[in-house]
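**Student:** Following this message is one structure expressed as structure tokens.
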There are 2 protein chains.
Amino acid sequence: MLTTTNPTTGETTDSGIAVTADVAAVVDRAQHAFTALAAEPRTWRADLLDALASALEEHRDDLVALANSETGLGVARLTGEVGRSAFQFRLFAEALREGSYLEAAIDHAGETALGPQPEIRRMLVPIGPVAVFGSSNFPFAFSVAGGDTASALAAGNPVVIKAHGSHPLTSRASFDALSAAAAAHGAPEGTISIVYGTQSGRDLVADPRIKAVGFTGSLSAAQSLMSIIDERDTPIPFYGELSSLNPLVVTEAAAEERADELAAGLFGSFTLGAGQFCTKPGIAFVPTGEAGDAVLDGLVTRSRDAQAQVLLNNRIASSFDEIRSRLITQGRATVAVEGVAHGFTATPSVLVIDAAHLTASATEEAFGPLVLVVRYSGLDEVYSALACVPDSLTATILHAPADDITALTRELAPRAGRLVFNGYPTGVRVSWGQQHGGPWPATNSLHTSVGVTAIRRFLRPLAWQNAPEAVLPPELREGATGIPRRVDGVLTLPA
Amino acid sequence: MLTTTNPTTGETTDSGIAVTADVAAVVDRAQHAFTALAAEPRTWRADLLDALASALEEHRDDLVALANSETGLGVARLTGEVGRSAFQFRLFAEALREGSYLEAAIDHAGETALGPQPEIRRMLVPIGPVAVFGSSNFPFAFSVAGGDTASALAAGNPVVIKAHGSHPLTSRASFDALSAAAAAHGAPEGTISIVYGTQSGRDLVADPRIKAVGFTGSLSAAQSLMSIIDERDTPIPFYGELSSLNPLVVTEAAAEERADELAAGLFGSFTLGAGQFCTKPGIAFVPTGEAGDAVLDGLVTRSRDAQAQVLLNNRIASSFDEIRSRLITQGRATVAVEGVAHGFTATPSVLVIDAAHLTASATEEAFGPLVLVVRYSGLDEVYSALACVPDSLTATILHAPADDITALTRELAPRAGRLVFNGYPTGVRVSWGQQHGGPWPATNSLHTSVGVTAIRRFLRPLAWQNAPEAVLPPELREGATGIPRRVDGVLTLPA
């Protein structure tokens, strides 16, 4: 049986949930569901996603209470996160109805510069059962009811979720709510499944019927799963959202203009959710001199006065402590605010280093409420120091109106998936244009895990050459279909 | 020095081309070019691609003569292939001018169901230097001047091409033509580069500055490169177009209706280019009984009467012979037409087996003029036998008007990237909607290597949150930009 720990009290109890013994049987049902799902139109799936959203909302209070007991993230944050998860399901429903995610294209037969050519019709189709690994830090939005589940289902694929060991009860309750709603909607058995235990996750990734993996978690866990993929007869994509330091640069003029406001904003961002955000600004470039000193002072004062926050689990708490020590001993950072870690709790830590002394040993990600302030004299020092900063999900510039930030933007753009200006990277809007992904080790894909285009990860193109109308999907038949299509190279909107 | 062999005469000579010693220096120039290319608008790149197309056409006769001496593919076919390559460059130029490949999206700031949200603008940006491995069987369209080069350049990436050892002189001449045109257009040094020799290809894939690999070739060569990627600190996508058996099914009614026409079509397709097409129908399901016998007879007669064809190189010729023997001894196929392989030449082979006896040993891909005819009684035998057929680039159905091919289409769809009806899979139209890719081992990606959407492989999304207009790319600024964009979820076309 899996245990569950309340990080606020430190109490560990039996969850009553058994490790999944027969993962193959679960994937077997998912494979059958894949065939059955193909018979349903995409509007049926849109309605399914809406039903899943409503189910989450109906069970919100119970889900939040359970999650709070397993994560200590607090009722307000967790209530918002359930809302965010429901919103995600509904946004994908909207995208399904709109239909341009299919990338439908028709090239009619005819004479071309290369002679007569056959008719080609193309659109994206689902790939098959998808394995989704829930994260510890977002028990809803990046877990059982999260974006990977929503986008894989939206694409038309069954989903098998590996529950995160840090919140088994929340995982099961989320799954129960979703699967009851799916059954009530008439979804085939196996459309959504769940497995428990570390070995079940490994079995899942190794199963030849699994066609892609969505993962949010640590770099080391990801690498272990990727090595299983390397051993498969058939390689599959691994969409991992992993480690991220999220560099942030305060310009000289911004510090002069609004030092305390910046200190307040940065403090709020690096301590949000006890610093357990993949988008936490873990490294902040602050100019030397008085204005920069004022930013640092504001950060230090707020951090010293802060109350202890509960970390998600024992592994994160002990790892946070270890990495903080390494940043000081090996990374040569000096301590501005030491912070206190005790049991599952921590108070914020502020470390400081000169840009000229920054090394890779100082840029290890500390998952928790810690920021490394790097003092710089002139942006050239920032550009040089960035060589020691691993690529990230985000990069942030806090600037003043008169600043020319063209060169700084150009330096940061290749290192991140989202550039933030005069704002903070924590908080990822769920929308059509969002990009939550970045160069390795932030993620290892050319895709996003948040926002509508996340659906593209779980689709593959299929072309029909000279097909009789009867075997074409409705979206590719000759008449109007109500979706955007590219016809003979010209993008056309529905009338 | 690399050698070059004329497969028609068997003569091997010194090419005068040295193995590339310093791959790192080549990639270094590519990395510098990447930065410089970022300063150019996409219309500049469109003009560059047009210039590359014209350069190929200008040098067509010389290129064809060289390629014919190194491949034996014949002047007519090679002339067409140069035209195809030029067409590809121009099609990507057209796609750049049209601009929807950028997937530009703008979500304005404002109140949402989840509270106030920041502005997000997103589009696709180039990933960095791309390694392209030329194939042996298409010395232009899938080699130095091929689709991977065109799509990677179109996306805004420098390209480093690994020349195929089977046609070094054609590779160098193609490269010289392209790079002179690029220089004349003002492209930075390192925009297009070439390296020679097997080790240089391995060095290229291992280089940390290379951000993706485009490859067309054998499964074994691909696996060797993929294991280099597994060893990299930073994983990169490997877009391989590998092995493909391309199953083809003749229905009972089609055989009854037009047996000899089908035999003629299938014969033409499996012997096209001496059977050295990745889309060659290598396995053909033909019904038992008189009508099916007539198809087989027509195939046998034509194959017996056929003249010997020149294979590309010694390795392909000897491997073809070995695999043909294995299909008989281990696969238990019977010989209808034995074919004669001699030196670099081969005449067509037709092997036959009952569907009930088909095993994986009989479905090894024989690269060359060979087809395995599988006799079946009823489509259920086809469905069962398909379990022994590896997934492919294409699947083909030759049917009669009255046939209900819904179930057959449904069985074939998950096994291929392109479904062909009453046509033949050889011949891949270059167009907006084309899909040239399929489940592993056909390719290992969710993308195409032919057609406009091939560009997506070499792009990554980047989002700008609350960015000042000055740092935004022109395509994402607030005013009209002449390209399709998704604004607040609504796809909008330029006025």
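The values are calculated or read from the model by the stated rules, or taken from the named source; none is laboratory data. What you see is a predicted model, and the numbers here were worked out from it, not measured in a lab. Don't worry about glycine lacking a Cβ; one is built from the backbone with ideal geometry, like all the others, and counts go over all protein chains shown.
**Student:** On the basis of being within 12 Å of another protein chain (Cβ to nearest Cβ), surrounded by fewer than 24 Cβ atoms within 10 Å (Cβ to Cβ), out of contact with any Phe, Trp or Tyr (no Cβ under 9 Å at 6 or more places or on another chain) and on the phi > 0 side of the Ramachandran plot, does A:GLY197 make the cut?
**Tutor:** Values: within 12 Å of another protein chain (Cβ to nearest Cβ): no; surrounded by fewer than 24 Cβ atoms within 10 Å (Cβ to Cβ): yes; out of contact with any Phe, Trp or Tyr (no Cβ under 9 Å at 6 or more places or on another chain): yes; on the phi > 0 side of the Ramachandran plot: yes.
Here the answer is no, as A:GLY197 does not meet what is asked.
**Student:** From B:THR251, B:THR216, grab the single residue that is assigned by TED's automatic domain parsing to the domain that holds B:PRO401 and hydroxyl-bearing (Ser, Thr, Tyr).
**Tutor:** Of the residues listed, the single one that is assigned by TED's automatic domain parsing to the domain that holds B:PRO401 and hydroxyl-bearing (Ser, Thr, Tyr) is B:THR251.
**Student:** Now a separate question. The conditions are (1) among the hydrophobic types (A, V, I, L, M, F, W, C); (2) under 21 Å from the mean Cα position of the chain (by Cα); (3) at pLDDT 95 or above, and A:LEU446 fails exactly one of them. Which is it?
**Tutor:** Failing condition for A:LEU446: (3).
**Student:** Filter region B:457-495 down to residues that are more than 7 Å from chain A (Cβ to nearest Cβ) and under 20 Å from A:LEU96 (Cα atoms) and give me whichever is surrounded by the fewest Cβ atoms within 10 Å (Cβ to Cβ).
**Tutor:** Of everything passing the filter in region B:457-495, B:VAL490 is surrounded by the fewest Cβ atoms within 10 Å (Cβ to Cβ).
**Student:** Moving on. What are the residues in region A:104-127 that are buried (at least 18 other Cβ atoms within 10 Å of the Cβ), within 17 Å of B:VAL450 (Cα to Cα) and facing chain B (nearest Cβ under 8 Å), if any?
**Tutor:** Once the filter is applied, which keeps residues that are buried (at least 18 other Cβ atoms within 10 Å of the Cβ), within 17 Å of B:VAL450 (Cα to Cα) and facing chain B (nearest Cβ under 8 Å), region A:104-127 yields A:ALA105, A:ILE106, A:ASP107, A:GLN117, A:PRO118, A:ILE120, A:ARG121, A:ARG122.
**Student:** Now for a different question. State the number of residues belonging to region B:221-244 that are at the interface with chain A (Cβ under 10 Å from one of its Cβ atoms) and of a type in the set (S, T, N, Q).
**Tutor:** Qualifying residue count for the region: 3.
**Student:** Restricting attention to region A:391-403, which residues are surrounded by fewer than 24 Cβ atoms within 10 Å (Cβ to Cβ) and under 22 Å from B:ALA463 (Cβ atoms)?
**Tutor:** Here is the first cut: in region A:391-403, the ones surrounded by fewer than 24 Cβ atoms within 10 Å (Cβ to Cβ) are A:391, A:399-403.
If the condition is that a residue be surrounded by fewer than 24 Cβ atoms within 10 Å (Cβ to Cβ) and under 22 Å from B:ALA463 (Cβ atoms), then A:ASP391, A:HIS399, A:ASP403 are the ones that fit.
**Student:** Next question. Suppose we filter B:GLY427, B:GLY438 for residues that are more than 7 Å from chain A (Cβ to nearest Cβ), within 26 Å of A:THR35 (Cα to Cα), touching a residue at least 60 places away in the same chain (Cβ under 8 Å) and part of a loop (DSSP other than H, G, I, E, B); which single one remains?
**Tutor:** Values: B:GLY427 fails: within 26 Å of A:THR35 (Cα to Cα).
Exactly one residue qualifies, and that residue is B:GLY438.
**Student:** Right, another one. Please work out which one of (1) more than 30 Å from A:GLY423 (Cα to Cα); (2) within 14 Å of chain A (Cβ to nearest Cβ); (3) touching a Gly at 6+ places or on another chain (Cβ under 8 Å) is the condition B:GLU81 fails and give its number.
**Tutor:** Only one criterion is unmet by B:GLU81, namely (3).
**Student:** Could you identify the single residue in A:ALA145, A:ALA141, A:ALA152 that is modelled with pLDDT of 95 or more, among the hydrophobic types (A, V, I, L, M, F, W, C) and more than 20 Å from A:ALA76 (Cβ to Cβ)? It would help to see each step written out before you state the result.
**Tutor:** Details: A:ALA145 fails: more than 20 Å from A:ALA76 (Cβ to Cβ); A:ALA141 fails: more than 20 Å from A:ALA76 (Cβ to Cβ).
Being modelled with pLDDT of 95 or more, among the hydrophobic types (A, V, I, L, M, F, W, C) and more than 20 Å from A:ALA76 (Cβ to Cβ) holds for just one of A:ALA145, A:ALA141, A:ALA152, which is A:ALA152.
Residue-by-condition table, conditions (1) in contact (Cβ under 8 Å) with a residue 60 or more places away in the chain; (2) in contact with a strand residue (DSSP E or B) (Cβ under 8 Å, 6 or more places away or on another chain); (3) closer than 21 Å to A:TYR424 by Cβ; (4) of a type outside the set (Gly, Ala, Ser):
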{"position": "A:PRO287", "(1), (2), (3), (4)": "yes, yes, yes, yes"}
{"position": "A:ASP297", "(1), (2), (3), (4)": "no, no, yes, yes"}
{"position": "A:VAL300", "(1), (2), (3), (4)": "no, yes, yes, yes"}
{"position": "A:ARG326", "(1), (2), (3), (4)": "no, no, no, yes"}
{"position": "A:ARG332", "(1), (2), (3), (4)": "no, yes, no, yes"}
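**Student:** Scan region A:230-259 for residues that are within 26 Å of A:ILE455 (Cα to Cα), assigned to a helix (DSSP H, G or I) and at pLDDT 95 or above and jot them down.
**Tutor:** Once the filter is applied, which keeps residues that are within 26 Å of A:ILE455 (Cα to Cα), assigned to a helix (DSSP H, G or I) and at pLDDT 95 or above, region A:230-259 yields nothing.
**Student:** Same structure, new question: Take A:TRP432 and tell me if it is part of a strand (DSSP E or B) and either within 7 Å of chain B (Cβ to nearest Cβ) or surrounded by fewer than 22 Cβ atoms within 10 Å (Cβ to Cβ) (or both).
**Tutor:** Numbers: part of a strand (DSSP E or B): no; either within 7 Å of chain B (Cβ to nearest Cβ) or surrounded by fewer than 22 Cβ atoms within 10 Å (Cβ to Cβ) (or both): yes.
For A:TRP432, the condition - part of a strand (DSSP E or B) and either within 7 Å of chain B (Cβ to nearest Cβ) or surrounded by fewer than 22 Cβ atoms within 10 Å (Cβ to Cβ) (or both) - is not met.
**Student:** Between B:ALA65, B:ALA51, which is assigned to a helix (DSSP H, G or I), away from every other protein chain (no Cβ under 14 Å), among the small types (Gly, Ala, Ser) and touching a residue at least 24 places away in the same chain (Cβ under 8 Å)?
**Tutor:** Working: B:ALA65 fails: touching a residue at least 24 places away in the same chain (Cβ under 8 Å).
Unique residue meeting the criteria: B:ALA51.
**Student:** Is there a residue in region A:85-92 that is within 30 Å of B:ARG415 (Cβ to Cβ), assigned to a helix (DSSP H, G or I) and out of contact with any Pro (no Cβ under 8 Å at 6 or more places or on another chain)? If you could, list the steps in order and put the result at the bottom.
**Tutor:** Residues of region A:85-92 that are within 30 Å of B:ARG415 (Cβ to Cβ), as a first pass: A:92.
Retained after the next criterion (residues that are assigned to a helix (DSSP H, G or I)): A:92.
From the residues that got through so far, the ones that are out of contact with any Pro (no Cβ under 8 Å at 6 or more places or on another chain) too are A:92.
Scanning region A:85-92 turns up at least one residue that is within 30 Å of B:ARG415 (Cβ to Cβ), assigned to a helix (DSSP H, G or I) and out of contact with any Pro (no Cβ under 8 Å at 6 or more places or on another chain).
**Student:** Inspect region B:411-422 for any residue being surrounded by fewer than 22 Cβ atoms within 10 Å (Cβ to Cβ), over 25 Å from A:ARG485 (Cα atoms), more than 7 Å from every other protein chain (Cβ to nearest Cβ) and over 23 Å from the mean Cα position of the chain (by Cα) and give the result as yes or no.
**Tutor:** yes
**Student:** Here's a follow-up. Select, from B:PRO441, B:PRO425, the only residue that is under 28 Å from the mean Cα position of the chain (by Cα) and at pLDDT below 95. Please lay out each step first, then the result.
**Tutor:** Details: B:PRO425 fails: at pLDDT below 95.
Of the residues listed, the single one that is under 28 Å from the mean Cα position of the chain (by Cα) and at pLDDT below 95 is B:PRO441.
**Student:** Another one. Residues that are touching a residue at least 12 places away in the same chain (Cβ under 8 Å) and within 16 Å of the chain's Cα centre (by Cα), at least 1 per element: which strands (runs of 3 or more DSSP E) completely within region A:99-157 meet that? Break it down into steps so the answer makes sense when it comes.
**Tutor:** Numbers: elements: A:105-107, A:110-112, A:115-117, A:120-126, A:130-133.
By residue number, A:130-133.
**Student:** Restricting attention to region A:225-237, does a residue exist that is of a type in the set (Gly, Ala, Ser), within 16 Å of the chain's Cα centre (by Cα) and not assigned by TED's automatic domain parsing to the domain that holds A:ALA400? It would help to see each step written out before you state the result.
**Tutor:** Of all residues in region A:225-237, those of a type in the set (Gly, Ala, Ser) come to A:227.
Going one step further and asking which of them are within 16 Å of the chain's Cα centre (by Cα), we end up with none.
No - not one qualifying residue is present in region A:225-237.
Residues checked against (1) under 20 Å from B:PRO168 (Cα atoms); (2) surrounded by fewer than 16 Cβ atoms within 10 Å (Cβ to Cβ):
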| residue | (1), (2) |
| --- | --- |
| B:VAL19 | yes, yes |
| B:THR43 | no, yes |
| B:ASP61 | yes, yes |
| B:ALA76 | no, yes |
| B:PHE87 | no, no |
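**Student:** I'm checking my understanding of the structure. Among residues of region A:269-291 that are crowded, with 23+ Cβ neighbours inside 10 Å and part of a helix (DSSP H, G or I), which one is nearest to the chain's Cα centre (by Cα)?
**Tutor:** Ranking the qualifying residues of region A:269-291, first place goes to A:GLY275.
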